[in-house]
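Visitor: My structure is below; once you've seen it, I'll send some questions.
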Amino acid sequence: MRLCAEKLGFPVTAFILARPNGPDARFIKVAGGRPEILACYRVTGEFSFIVQAVVKDVAHLEEVLNHLEPASIHIVTLVVLSTSIEAAPIGLNDGSAKRRDNKLTKEQR
């Protein structure tokens, strides 16, 4: 079963790119302390982590960022405006998984 964050009162999705100011384990512990954080991905590149969060509004997002700030040297926040493709189940090339239609507007095509 998949829950809809928007229907649960969390209409804003944000991706937070973070570079920790200490051990990665400390950042993971701090990020794990917030229920609004759905996922925390360790990645390569300029940032060490990409965090996915759902929040009620911009003030709520600021609360989450303030929580992460002590464990970070640098944070960049990306707020989702719309979702073009929803996650689809991964198939095993047997045709069991069907790809959802893209939600592109005329302007995006």
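The values are calculated or read from the model by the stated rules, or taken from the named source; none is laboratory data. Note that the structure is predicted; figures quoted are calculated from it, not measured. Virtual Cβ from ideal backbone geometry, glycine too; neighbours counted across all protein chains shown.
Visitor: Would you mention how many residues in the range 18-39 are surrounded by fewer than 19 Cβ atoms within 10 Å (Cβ to Cβ) and outside any helix (DSSP H, G or I)?
Guide: Here is the first cut: in the range 18-39, the residues surrounded by fewer than 19 Cβ atoms within 10 Å (Cβ to Cβ) are 19, 21-26, 28-29, 32-35, 38-39.
If we keep only those that are outside any helix (DSSP H, G or I) as well, we get 19, 21-23, 32-35, 38-39.
Total satisfying the criteria: 10.
Visitor: Okay, next question. I'd like the full set of residues that are of a type in the set (V, I, T) and under 14 Å from the mean Cα position of the chain (by Cα), limited to the range 44-86. Reasoning before the result, please.
Guide: Kept after step one, since they are of a type in the set (V, I, T), are these residues of the range 44-86: 44, 50-51, 54-55, 58, 64, 73, 75-77, 79-80, 83, 85.
Result: I50, V51, V54, V55, V64, I75, V76, T77, V79, V80, T83.
Visitor: Something else now. For residues in the range 6-17 being under 13 Å from the mean Cα position of the chain (by Cα) and surrounded by fewer than 16 Cβ atoms within 10 Å (Cβ to Cβ), which is modelled with the lowest pLDDT? Reasoning before the result, please.
Guide: As a first pass, look at the range 6-17 and keep what is under 13 Å from the mean Cα position of the chain (by Cα): 10-17.
From what is left, the residues that are surrounded by fewer than 16 Cβ atoms within 10 Å (Cβ to Cβ) are 11, 15.
Numbers: P11: 89, F15: 98.
Looking at the filtered set, the residue picked out is P11.
Visitor: Is at least one residue of the range 57-69 loosely packed, with under 14 Cβ neighbours inside 10 Å and part of a loop (DSSP other than H, G, I, E, B)?
Guide: yes
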